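Reading through the structure tokens given below for one structure.
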Amino acid sequence: MSAFEWLVAPLRYPFMIRALVASALVGGLCSIVGTFVVLRSMAFLGDAIAHSVLPGIATGVLVAGRGDRRSLFWWALGTSILVALGIGWVSERGRIKEDTAIGIVFAGMFALGIALLSTVRGFAVDLVHVLFGDVLGVSVGDLALIAAFGGAVLLLVVLFYKELVLVSFDPTLGATLRLPVAVYRRLLLVLVAITVVVSLQVVGLALMLAMLVAPATTAYLLTRRVRSMMAVGALIGVASGLIGLYLSFYFAVASGAAIVLVAIAAFLLALLLTPRRGLLHRPARR
Amino acid sequence: MTRKDEAPVATRKIVKRRTRASVVHDANAPAIAARDLAAAYGDRIVLREVTFDLSAGAHLAVVGPNGAGKSTLLKVIGGLLPWVGGTIRVHGHAPRDHLCIAYVPQRSDVDWRFPVTVTDVVLMGLTGRLGPLRRASERDRRLVAGAIERVGLEDRAHRQIGELSGGEQQRMFIARAIAQEAEIVLMDEPLAGLDVPSEADVLALLDRLGGTTLLVALHDLGVAAARFHRVLLLRERMIGFGTPDDVFRPEALEAAYGGCVRMVRTADGALVVHDSACSREVP
């Protein structure tokens with residue numbers, strides 16, 4: 001089989017074309033939003049938001065039935081935004097340590113989701129799809145939702161780019177410039193929440209964190225400005241999505257896992273080889 | 001808004017500031033006026049009995065042992081921390097009403113691996129003025145380049161910030177304050193961890209910030225005495241405010257440092273003597 005045939009063969013199946021488009025979109029989106037997750041060290045927060053979607057989906061399954069994918073999406077979206085704002089609120093109060101608060105919300109919501117889902121017959125299949133994704137089952141309607149909400153997230157990032165970077169780098173400057181720092185912080189959490197829900201079908205909850213963090217971190221090693229970190233991260237994310245899906249097609253590996261493994265492989269490569277920050281490089285000072 | 005048309009300083013501000021929120025300075029009020037000011041973290045009062053007037057353009061060194069409340073005082077003046085007692089007025093208004101205050105953080109509080117260049121950081125000083133949705137114009141970029149040139153970092157303008165030396169990092173933040181058109185600059189321990197030449201560079205740059213009201217938290221009493229017109233000595237409460245000669249008297253230093261520090265005036269300036277026989281740790 002020639003390389004060309006190797007590339008083209010999966011495209012005979014419409015479900016593969018839809019899956020490739022979805023993986024590329026999600027790979028790019030996760031990496032761009034993930035840039036802020038990495039720069040603000042909110043990986044744990046992102047993971048918590050991802051896992052907290054489960055009770056929303058479970059409620060959707062109970063209310064609308066598992067066949068109604070559209071309403072599952074809305075339930076997931078509503079829950080994730082609420083949880084993101086809730087976690088933001090808890091962490092600003094400061095009565096308990098932030099990571100403790102996140103951990104409690106995270107585990108509590110996940111347990112609630114599993115408890116709710118377990119009342120549904122045959123819940124194991126639903127749970128597997130939610131946890132590990134179901135990219136081969138992406139419909140045209142799903143693609144439209146991914147594109148619409150992913151586009152909205154990107155638009156917000158572009159519009160508020162300099163404010164989001166500023167509050168990530170130096171919230172104190174934001175305060176002396178009298179910017180609404182807390183509003184931008186919450187906006188960022190909501191963007192992460194929407195990204196998680198949009199990406200759910202491609203990578204699943206359990207591996208979501210990897211897509212938010214791995215391509216962005218790889219780009220962090222390779223670049224020196226936020227803008228280029230986002231661009232390079234998006235490229236790596238898209239490539240991971242596409243390559244991962246091809247590997248999944250030919251080697252019959254779970255697609256979400258394959259995508260994540262490609263992203264992690266790219267990260268390891270960068271970690272070893274980067275000119276300035278890699279393991280094989282000694283910085284001049286510090 | 002209080003508007004004083006007869007005051008040339010105030011009218012100039014109206015032209016210069018096209019922004020929201022910022023108040024017009026009361027030309028008759030001192031740059032900073034504190035009366036029995038107190039501040040707290042949670043329920044714990046960390047600073048009290050601070051009373052002083054600082055005129056516009058004055059350079060003040062805020063000195064005292066660790067935990068004396070130096071950073072706290074700067075944060076209250078910058079409008080970053082609410083105060084719990086007394087009053088604080090900046091050009092006649094509450095600190096939070098001002099856009100003309102720049103705060104330079106301690107170097108240890110900055111993520112130096114953050115992927116931004118010197119130009120990016122200085123440009124951030126304009127974010128409030130630009131407002132959301134707008135990008136920097138050619139004119140804004142020239143302003144930023146000018147500020148970077150004023151601190152002598154033009155050959156470092158496109159370096160990632162972690163590649164700078166400690167002194168250069170401080171100068172970058174001073175450039176940002178210049179770009180911000182700050183009239184009051186608050187600096188938290190700008191000399192901490194700098195070598196002697198870098199320290200001299202930063203101090204020389206501060207001397208050239210004419211017209212800017214400057215409040216600098218410092219560890220080094222000698223630098224405070226030699227380079228600042230006004231000093232404020234703190235240890236959870238204000239121990240003294242005035243010229244270095246007035247403030248750095250043995251009884252005041254004893255109150256602040258517990259008798260471990262003496263200051264000797266010499267022809268070249270002040271010499272600070274740490275009493276090594278005094279083993280009591282400064283709290």
Of the numbered conditions (1) within 14 Å of chain B (Cβ to nearest Cβ); (2) at pLDDT 90 or above, A:ARG95 fails exactly one; give the number of that condition.
(2)
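What residue, of B:LEU191, B:LEU214, is without any contact (Cβ under 8 Å) to a residue 40 or more places away in the chain and surrounded by 18 or more Cβ atoms within 10 Å (Cβ to Cβ)? Please lay out each step first, then the result.
On the way: B:LEU214 fails: without any contact (Cβ under 8 Å) to a residue 40 or more places away in the chain.
On inspection, the qualifying residue turns out to be B:LEU191.
Filtering region B:101-110 down to residues that are more than 7 Å from chain A (Cβ to nearest Cβ) and surrounded by fewer than 23 Cβ atoms within 10 Å (Cβ to Cβ), which residue is nearest to the chain's Cα centre (by Cα)? Break it down into steps so the answer makes sense when it comes.
Pass one, region B:101-110, residues more than 7 Å from chain A (Cβ to nearest Cβ): B:104, B:106-110.
Now drop any that are not surrounded by fewer than 23 Cβ atoms within 10 Å (Cβ to Cβ), which leaves B:106-110.
On the way: B:GLN106: 11, B:ARG107: 14, B:SER108: 16, B:ASP109: 15, B:VAL110: 16 Å.
Ranking the qualifying residues of region B:101-110, first place goes to B:GLN106.
Conditions (1) modelled with pLDDT of 90 or more; (2) more than 14 Å from chain B (Cβ to nearest Cβ); (3) under 19 Å from the mean Cα position of the chain (by Cα), marked per residue:
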{"residue": "A:ALA210", "(1), (2), (3)": "yes, yes, yes"}
{"residue": "A:ALA216", "(1), (2), (3)": "yes, no, yes"}
{"residue": "A:ALA219", "(1), (2), (3)": "yes, no, yes"}
{"residue": "A:ILE243", "(1), (2), (3)": "yes, yes, yes"}
{"residue": "A:ALA257", "(1), (2), (3)": "yes, yes, yes"}
{"residue": "A:LEU268", "(1), (2), (3)": "yes, yes, no"}
{"residue": "A:ARG285", "(1), (2), (3)": "no, no, no"}
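Return yes or no: is A:GLY150 crowded, with 19+ Cβ neighbours inside 10 Å, assigned to a helix (DSSP H, G or I), more than 8 Å from chain B (Cβ to nearest Cβ) and among the small types (Gly, Ala, Ser)?
On the way: crowded, with 19+ Cβ neighbours inside 10 Å: yes; assigned to a helix (DSSP H, G or I): yes; more than 8 Å from chain B (Cβ to nearest Cβ): yes; among the small types (Gly, Ala, Ser): yes.
Answer is yes for this residue.
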What pairs come out if I take residues in region B:111-134 that are closer than 15 Å to A:LEU173 by Cα and pair them with residues that are among the polar types (S, T, N, Q) and part of a loop (DSSP other than H, G, I, E, B) whose C-beta lies under 7 Å away, six or more apart or interchain?
B:GLY125/B:GLN180; B:GLY128/B:THR19; B:ARG129/B:THR19
Do the conditions hold for A:SER248, that is, is it surrounded by fewer than 23 Cβ atoms within 10 Å (Cβ to Cβ), at pLDDT 90 or above, hydroxyl-bearing (Ser, Thr, Tyr) and over 15 Å from the mean Cα position of the chain (by Cα)?
no
Residue under question is B:ASP120, and the condition is that it be at the interface with another protein chain (Cβ under 8 Å from one of its Cβ atoms), among the acidic types (Asp, Glu), within 28 Å of B:HIS158 (Cβ to Cβ) and buried (at least 16 other Cβ atoms within 10 Å of the Cβ); does it hold?
yes
Are there any helices (runs of 4 or more DSSP H) wholly within region A:23-138 with 1 or more residues that are closer than 20 Å to A:VAL153 by Cα, and if so which?
A:43-51, A:69-93
Residues (within 14 Å of another protein chain (Cβ to nearest Cβ), in a loop (DSSP other than H, G, I, E, B) and in contact with a helix residue (DSSP H, G or I) (Cβ under 9 Å, 6 or more places away or on another chain)) located in region B:59-98:
B:GLY78, B:GLY79, B:LEU80, B:LEU81, B:PRO82, B:HIS98
In region A:157-186, what residues are more than 11 Å from chain B (Cβ to nearest Cβ) and among the hydrophobic types (A, V, I, L, M, F, W, C)?
A:VAL157, A:ALA182
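Return yes or no: is A:LEU156 under 19 Å from B:THR127 (Cβ atoms), surrounded by fewer than 20 Cβ atoms within 10 Å (Cβ to Cβ) and in contact with a Gly (Cβ under 8 Å, 6 or more places away or on another chain)?
Details: under 19 Å from B:THR127 (Cβ atoms): yes; surrounded by fewer than 20 Cβ atoms within 10 Å (Cβ to Cβ): yes; in contact with a Gly (Cβ under 8 Å, 6 or more places away or on another chain): no.
Taking the combined requirement at face value, the residue does not satisfy it.
Determine whether A:LEU179 is free of Cβ contacts under 8 Å to residues at least 40 places away in the same chain, over 19 Å from B:ASP111 (Cα atoms), not hydroxyl-bearing (Ser, Thr, Tyr) and not in a helix (DSSP H, G or I). Quick ask: steps written out before the conclusion?
Details: free of Cβ contacts under 8 Å to residues at least 40 places away in the same chain: yes; over 19 Å from B:ASP111 (Cα atoms): yes; not hydroxyl-bearing (Ser, Thr, Tyr): yes; not in a helix (DSSP H, G or I): yes.
Yes; evaluated as a whole, the condition is true for this residue.
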In the list B:LEU81, B:LEU74, B:LEU60, which residue meets the criterion of being modelled with pLDDT of 85 or more, out of contact with any Lys or Arg (no Cβ under 7 Å at 6 or more places or on another chain), within 30 Å of B:GLY193 (Cα to Cα) and of a type outside the set (Val, Ile, Thr)?
B:LEU74
Flagged in region B:214-254 as touching a Ser or Thr at 6+ places or on another chain (Cβ under 8 Å) and part of a strand (DSSP E or B), in numbering order, are B:ALA217, B:ARG230, B:VAL231, B:MET238, B:PHE241
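Can you name every residue in region A:204-223 that is within 16 Å of A:VAL153 (Cβ to Cβ) and of a type in the set (A, V, I, L, M)?
Of region A:204-223, the ones within 16 Å of A:VAL153 (Cβ to Cβ) are A:208, A:211-212, A:215-216.
Across region A:204-223, the qualifying residues are A:MET208, A:MET211, A:LEU212, A:ALA216.
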When the residues of region B:123-132 are narrowed to those that are at the interface with another protein chain (Cβ under 7 Å from one of its Cβ atoms) and at pLDDT below 90, which ends up farthest from the chain's Cα centre (by Cα)?
B:PRO132
How about region A:8-22: which of its residues are part of a helix (DSSP H, G or I) and surrounded by 12 or more Cβ atoms within 10 Å (Cβ to Cβ)?
A:ALA9, A:PRO10, A:PHE15, A:MET16, A:ILE17, A:ARG18, A:ALA19, A:LEU20, A:VAL21, A:ALA22
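The values are calculated or read from the model by the stated rules, or taken from the named source; none is laboratory data. Computed from a predicted structure; not experimentally measured. Counting neighbours? That spans all protein chains shown, and the Cβs are built from the backbone with ideal geometry, glycine included.
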